[in-house]
1. Per DSSP H run of n ≥ 4, the term is -39500 (n - 2.57); total these for the chain, divide by its residue number, and report the mean residue ellipticity at 222 nm rounded to 500 deg cm²/dmol.
2. If each residue of separation counts as 0.36 nm, what is the full-extension length gain between ALA41 and ASP150 once their alpha-carbon separation is subtracted?
3. Taking the Cβ of VAL38 as the centre, find all other residues whose Cβ is under 12 Å away and add up their charges (Lys, Arg: +1; Asp, Glu: -1).
4. Once you keep just the Cα pairs under 8 angstrom separated by 6 or more residues, what percentage relative contact order results for the range 36-144?
5. With +1 on the Cβ of every Lys and Arg and -1 on the Cβ of every Asp and Glu, and nothing else charged, how large is the dipole of the chain about its Cα centre, in debye rounded to the nearest 20?
6. I need the calculated FRET efficiency for the pair ALA101 and ARG134, taking r as the beta carbon distance and R₀ as 22 Å, to the nearest 0.05.
7. Order by neighbour count: LYS46, LYS3, LYS143, LYS122, fewest other Cβ atoms within 10 Å first, most last.
8. Using modelled amide H (1.01 Å from N, peptide plane; none on Pro or chain starts), what sits under 5 Å from the amide H of GLY137, excluding residues fewer than 5 places away?
Amino acid sequence: MLKNLDPLLNADVLHALRAMGHGDEVVICDANFPADSVARATVLGKLLRIDGADAASAVRAVLSVLPLDTFVDHPALRMEVVGEPDTIPVVQREAQAEVNAAEGRDLTFGSIERFAFYERAKAAYCVIATGERRGYGCFVFKKGVLLAPDVASTEHRK
């Protein structure tokens, strides 16, 4: 165990999140998603797992260490319900609450059609499968940046 880290964040997940750069995307998906086959097409090329966790818990854990991109309109995306793109299932409302909490503001999910979601997921850095059994617990998050303080303004001069 490590201090100040969500225990759901295992070594493989932490390594992938740290290796990602600005603009890279991570997919968090439910147990129904074709995670293994999609993950093989990603940059990482293998599936990561947070077994036993529901989608909201996995989103909370990941966003506890992953900054979201502030340079795009929708750094968080959800899979649309087939035939009902405006429907927001409970699993997505729970995840939305975690996104808002992590960001300290309302940051509404963008949405993406199911088959477009699959293609977007293949281009992601990695896929993290959860134990979420409800459908449509599938999300894409775009990594942002954490800027260091301006060195010139904090540098001690002799």
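Rule-based calculations on the coordinates, nothing more; no lab input. All of these numbers come straight from a predicted model, not from anything done at the bench. So basically every Cβ, Gly included, is an ideal-geometry build from the backbone, and we count neighbours across all protein chains shown.
1. -8500 deg cm²/dmol
2. Length gained, ALA41 through ASP150: 35.4 nm.
3. Taking every other residue near VAL38 into account, the sum is +2.
4. Worked out over the range 36-144, it gives 49 percent.
5. 520
6. Efficiency, rounded to the nearest 0.05: 0.65.
7. LYS3, LYS46, LYS122, LYS143
8. Those qualifying (amide H under 5 Å, at least 5 residues apart or on another chain) are ASP30.
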